[in-house]
Amino acid sequence: MQVCVLGPLIVRDGTVEVAAGGRLQRRVLARLAMDGGRPVSLDDLEQAAWGDEPPPAARHTIATYIFRLRRLGLAISTAADRYTLETPTDVGQVDGLAADSRRAAEDHEPGRALEAIRDALALSRGRPLIDLDDLPEATITAAQLNELVESLREELLTLELDEGRPA
């Protein structure tokens, strides 16, 4: 399983896309994925789902969403009123491929470096965290992710120029 936020939110099981539920459940998942592996408070999840006016049963509803997401096969742990998405994200995969590309370049393996960076860029499907456009912290994270993608494009161009591929 993988949660993809480099574009509209999708959940993949291998190559198959899995329905991630309704709008609010998807916003809760996107908020968890935004912190990819770090605990997210119930307050932050409420903010993601309902903004400044969560309903009285918000925490119960979030628990229900988490239960449903776990039933889909997503790994989400709970500790001290916080939830942590342990399922890998496309952001983590991009980071890993970018590191692989840099290592390959350092090892003077340009073909491997180009392949890794192209694979990383192929994971970008549009504006990151688009499902959380109205959250200030998501806007900041999305800008950082856009910056990462742009820096990867620059690295790709540099590698191609170094290899004599000016096109």
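Residues T61, T87: which one is touching a strand residue (DSSP E or B) at 6+ places or on another chain (Cβ under 7 Å), open to solvent by less than 50 Å² (accessible area, probe 1.4 Å) and either under 18 Å from A20 (Cβ atoms) or without any contact (Cβ under 8 Å) to a residue 12 or more places away in the chain (or both)?
Working: T61 fails: touching a strand residue (DSSP E or B) at 6+ places or on another chain (Cβ under 7 Å).
Matching residue, one of T61, T87: T87.
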Do any strands (runs of 3 or more DSSP E) entirely within the stretch 1-53 hold 3 or more residues that are open to solvent by less than 50 Å² (accessible area, probe 1.4 Å) and either more than 15 Å from I76 (Cβ to Cβ) or not acidic (D, E) (or both), and if so, which? 2-4
Could you tell me which residue of the stretch 115-158 is nearest to G51 (Cα to Cα), considering only residues that are open to solvent by less than 50 Å² (accessible area, probe 1.4 Å) and not in a helix (DSSP H, G or I)? L135
Could you please give the count of residues in the stretch 64-79 that are in contact (Cβ under 8 Å) with a residue 24 or more places away in the chain and either closer than 20 Å to T139 by Cα or open to solvent by 80 Å² or more (accessible area, probe 1.4 Å) (or both)? 1
Return the pair list, or none, for Cβ contacts closer than 9 Å from residues in the stretch 9-22 that are within 19 Å of I66 (Cβ to Cβ) to residues that are open to solvent by 50 Å² or more (accessible area, probe 1.4 Å) and assigned to a loop (DSSP other than H, G, I, E, B), at least 6 apart or on different chains. I10/R125; V11/M1; V11/A19; D13/M1; V18/M1
Six or more apart or on different chains, Cβ under 9 Å: which pairs go from a residue in the stretch 35-50 that's farther than 11 Å from Y83 by Cα and among the polar types (S, T, N, Q) to one that's in a loop (DSSP other than H, G, I, E, B) and open to solvent by 20 Å² or more (accessible area, probe 1.4 Å)? Could you list them? Q47/P54
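Yes/no matrix, rows are residues, columns are (1) of a type in the set (A, V, I, L, M); (2) more than 22 Å from the chain's Cα centre (by Cα):
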{"site": "A57", "(1), (2)": "yes, yes"}
{"site": "R68", "(1), (2)": "no, no"}
{"site": "G73", "(1), (2)": "no, no"}
{"site": "D81", "(1), (2)": "no, yes"}
{"site": "E86", "(1), (2)": "no, no"}
{"site": "D90", "(1), (2)": "no, no"}
{"site": "D95", "(1), (2)": "no, no"}
Conditions: (1) over 19 Å from R26 (Cβ atoms); (2) free of Cβ contacts under 8 Å to residues at least 40 places away in the same chain. L156 meets all but one. Number of the miss? (2)
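The values are calculated or read from the model by the stated rules, or taken from the named source; none is laboratory data. Nothing here was measured: the structure is a model prediction, and the numbers come from that model. With ideal geometry, Cβ positions are generated from the backbone for all residues, glycine too; neighbour counts draw on all protein chains shown. Only protein heavy atoms, including side chains, enter the accessible area calculation; ligands, DNA and RNA are left aside. Shrake-Rupley method; radii C 1.70, N 1.55, O 1.52, S 1.80 Å.
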